[in-house]
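Notes for the one structure printed next.
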Amino acid sequence: MRNFLKKAIKRIPRLDVNQIIKLVTVLSDEYELLEIVLDSMTNGVIVADKSDNLLFLNKAARRMLNLYTLNENVERKVWEVVKDPSINNFLCKYLAGEDDTKPVSIFVGGNESESRLLEFRIVPLVKTSSIIGNVVTIEDVTDKKIKESKLRRAESLASLTTLAAGVAHEIKNPLGSISIYLQLMEKTISRNSESEICSSIKNNISVIKEEVERLNKIVVDFLFAVRPIDLDLNDENLNKIILETLELFTPELVKSGIIVDTDLCPKIPDLKLDKRYIKQVLINLIKNAELAMSKGGSLTITTECRDNQAVLKVIDTGTGIPDNILSRIFEPYFTTRDFGSGIGLTIVYKVVKEHKGDISIKTKENKGTTFIITFPLPQTEQRLIEYEGDDDEILNPDS
């Protein structure tokens with residue numbers, strides 16, 4: 001096609017009007033086809049000339065960068081048409097050649113439902129061995145990253161099952177023996193309680209017992225995380241479970257300077273839940289929120305119905321979670337606290353998944369964190385319409 005156009009252009013002076021019209025029509029069709037192909041792509045494409053002026057962008061790029069009202073007739077630099085400061089800064093640096101042209105991922109979107117992770121790549125636009133501009137490609141990798149994160153969690157849980165099941169049992173046995181001998185020592189000391197030495201030993205035994213109990217709790221948590229959960233599912237009111245759990249923690253939270261608020265949707269139907277485990281999920285998330293708001297703040301728990309799902313949100317105004325560890329917080333053993341076991345959020349994740357639900361996080365450093373849990377709504381039973389006629393009418397309609 002390219003050779004045909006080159007020959008046709010050379011012959012333009014010898015062409016009549018009809019031939020020129022035909023040539024222009026062919027060119028127009030070719031351009032339209034190219035534009036249709038680019039607009040049909042799911043990835044965004046931006047083309048810039050050698051001076052970084054915008055030449056073309058497809059529909060996907062318009063959608064991803066919210067450029068629906070862009071006037072392409074006005075000559076502007078590529079970065080000047082993008083409002084997002086992070087993308088603007090990236091395009092300015094990379095197109096100017098101040099940095100390597102490696103892929104860069106940038107979060108865009110105002111609120112939690114619209115936030116997306118976009119991956120940008122810049123490649124030179126080459127014509128006959130000469131660079132005449134640049135092509136910026138944009139890929140929405142949000143779902144891809146979520147799948148990768150879920151795969152890592154699944155692999156971590158699998159390794160946890162293999163390791164912790166054996167280790168936990170090996171630890172639990174000597175802990176049981178230690179507890180028995182501590183009880184025997186206490187009985188022996190109680191017979192000579194007047195001795196000052198015995199009193200000192202008794203205090204030491206009390207400390208040892210506390211540490212044994214703490215170790216035992218860690219082992220129990222590990223075993224809980226690796227064993228299949230035997231759910232006792234019943235029709236439960238999610239809002240009621242939330243209020244019952246908050247009732248236990250509200251005095252403690254208020255004492256810590258944390259304002260507790262709820263916005264619970266009354267239209268949520270009863271869900272198939274195991275009340276004990278859902279309370280455990282809420283307890284872990286509330287405790288995490290409390291630790292994240294050591295200087296006070298607000299804790300909000302909301303529920304709503306959306307897209308055939310019940311959505312539970314636990315929102316705090318704490319320190320937030322840094323981006324570099326966000327993908328790891330559901331991993332077994334991972335913790336940022338000195339005395340954390342790193343198993344609390346793993347249990348949360350496991351319980352939610354066992355309920356056929358899903359959990360995600362929206363967070364900003366020093367702004368707070370939102371845990372979003374979804375549960376499937378019960379499906380309405382479908383019934384066939386009863387037919388009151390004679391069966392023979394159906395089998396023999398012409399008789």
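Bear in mind these aren't lab numbers, they're just calculated from the coordinates by the rules spelled out. Quick caveat, the model's predicted, so the values are computed rather than measured. Reconstructed Cβ throughout: ideal geometry from the backbone, glycine too, with neighbour counts over all protein chains shown.
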For region 17-28, indicate whether the set of residues that are assigned to a helix (DSSP H, G or I), within 25 Å of residue 131 (Cβ to Cβ) and among the hydroxyl-bearing types (Ser, Thr, Tyr) is non-empty. no
Working carefully through the options 329, 241, 259, find the one that is over 24 Å from the mean Cα position of the chain (by Cα) and buried (at least 19 other Cβ atoms within 10 Å of the Cβ). 241
